[in-house]
C-alpha cells in the first residue's frame, strides 16, 4: 500500500479474553507498504497509516474466552473497544510545544502517557481518547492499592512499599538531585508517602537516566545506627558496609535499596537534606522508569520533609486530556495560591494518613439531588470508607449504591438506547444532551463541565459517562474523586488549615 492509497479494513476481528470486538468497514490509508491491516482493532494503527471512520461498530465484553480475573478481562476488552473507536485521532501528531520552565516554586506537570510525555515511551499515544482507554485498565490496580493501605503501628522511612513501587505513574515533574545537579523525572502522587530514585547500577530498573551517587559531592548514605534506618522496612547492614540497606517484596516482585540523602532542587528551591531510597535492584514486575515524589500526608512524605519551606501546602492544575501537551502546574507553598476559593474540610484517618479524605454529602444531576444512602458516603476511619481526592486514578469511582443512583438518573434524563463499552456501562451511539453533574461537599459544590463528565470519541457520535463503580473483584469502600473530574481546576491542598479547595482554571492554552 503506497501513498494516497486506501484499502478497506472490513470486518476486522479480534478476541480479547473478555469477548468479541468487531470493526466493520473501516479504512486504512498508508504512506508505505504495511502488513498490519488488523492491528487497528486492538490499538493504534501503524505509524504510516491513518484510519477513516467505520460505518458501523459492534462490541461485546460480556463473555470470557479463557482464564484470568473477570475484572481484568473486561478491562482488556475496554482497551480494545475504545482503541477502535478513537483510533482515527492517531492520523496526525502535531509537534509538541516547548514545556515552559519551572519558576519560583511552580513546577510544570506532564502526563506520563500523553503525546508529549517527557518519558518518551511508546505508550505516548497521539490520541487523547486512546490514552484514556489505556488508563481505564490502570485504574483497577490503582483502586486495589488505595483500598488495601494497611493499618500501620509505626511510621516507615520515606520509601515505597512493594505495592506502591509497582504503581504506574500518571503525572511527572522535573527535579534535580545532587551536586552538581542531575536531571530527574519524579512521579507525583497525592496518595503516596514514598520517595525513591532509580540509581546507577540498579539491576532491573528500566530507566536510561539513573541518578549517579558517585558523581554527587553532597550525597551521603544513611548510617546503620540512625533513627531513619530503624524505621526502614526490613533494614539491613552488610558486613562490608555501614550504610543502611533495606528490601521490600510483594507477590513476585521485590526491590533492594540504600537509604540515602542528598540535595534536591525543585523549580528555584533547594531541599538540602532530602531522604530517599536509592534503588539498587528490582525483580519481577518492572518498576516505572522514574522516581517518586509522594505528596501524601504521612509523616515522612515530600510534603512533611519540606514543611518548613512550603508549609505543607500545595496545589495543582491538571489540563484537559485533549490538550496537546497534557501539561499543567504544581505550585508548592502558600505564595501564589488562589485567595478566593471554595473549600471543604480535610478529614483525618489515623489508619490511612496518606489519603486526602473529604466529606462528600451528595451528588446532583441537573437540579435533582440523587437518593444515595448516607452509608454509601459516610466517613469511617475503622473501615477506610469515605471519599478521597486522588491524582493517580483516572476516572472517578463510586461505591455501588452511589454509582447506581448516578447512572440511573443520567439514563432517565437522556432516554436513548444505552450501550456498554468495556468498563463503561452508560454509552450512547447518537448525539445526546448530557445533564450537568455536581459533586456536593461540606462547604462547597463542584459542578463539572461536560469534558469532565463524558468521554467523547474522536469521530462519530459515541460518548460514555466517564465515571464508574469499582471494577468487579475490588471490594472497595472508597469513593475516589479522580483526575479526569479534576482537570482544568486548581485543586488546593492546605494541610495546616485542614482543607481542600476547587476553583475553575484553564490549565494550559493548548
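The values are calculated or read from the model by the stated rules, or taken from the named source; none is laboratory data. This one's a predicted model, so the numbers in the text were calculated from it and none came from an experiment. Neighbour counts are summed over all protein chains in view; Cβ atoms, including those assigned to glycine, are modelled from backbone coordinates with ideal geometry.
One table, with the values for the structure above:
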read-out: Residue 283 vs. criteria under 28 Å from residue 203 (Cα atoms) and modelled with pLDDT of 80 or more; value: yes
read-out: Among the candidates 376, 416, residue that is part of a helix (DSSP H, G or I) and within 24 Å of residue 464 (Cβ to Cβ); value: 376
read-out: Meets criteria (under 22 Å from residue 402 (Cβ atoms), modelled with pLDDT of 90 or more and in a loop (DSSP other than H, G, I, E, B)) for residue 496; value: no
read-out: Boolean, residue 353 is surrounded by 20 or more Cβ atoms within 10 Å (Cβ to Cβ) and assigned to a loop (DSSP other than H, G, I, E, B); value: no
read-out: Selected residue (criterion: surrounded by the fewest Cβ atoms within 10 Å (Cβ to Cβ)) from residues of segment 335-350 that are over 25 Å from the mean Cα position of the chain (by Cα) and touching a residue at least 40 places away in the same chain (Cβ under 8 Å); value: 340
read-out: Residue in segment 385-392 that is at pLDDT below 95, part of a strand (DSSP E or B) and surrounded by fewer than 20 Cβ atoms within 10 Å (Cβ to Cβ) present; value: yes
read-out: Meets criteria (in the same structural domain as residue 474 (by TED's automatic domain parsing), in contact with a helix residue (DSSP H, G or I) (Cβ under 8 Å, 6 or more places away or on another chain) and not in a loop (DSSP other than H, G, I, E, B)) for residue 405; value: no
read-out: Unmet requirement for residue 423, which otherwise passes all of (1) surrounded by fewer than 20 Cβ atoms within 10 Å (Cβ to Cβ); (2) closer than 28 Å to residue 356 by Cα; value: (1)
read-out: Subset of segment 229-248 [buried (at least 20 other Cβ atoms within 10 Å of the Cβ) and either modelled with pLDDT of 75 or more or closer than 10 Å to residue 259 by Cα (or both)]; value: 229, 232, 244, 245, 246
read-out: Filter result for residue 248 (under 28 Å from the mean Cα position of the chain (by Cα), under 30 Å from residue 310 (Cα atoms) and assigned to a strand (DSSP E or B)); value: no
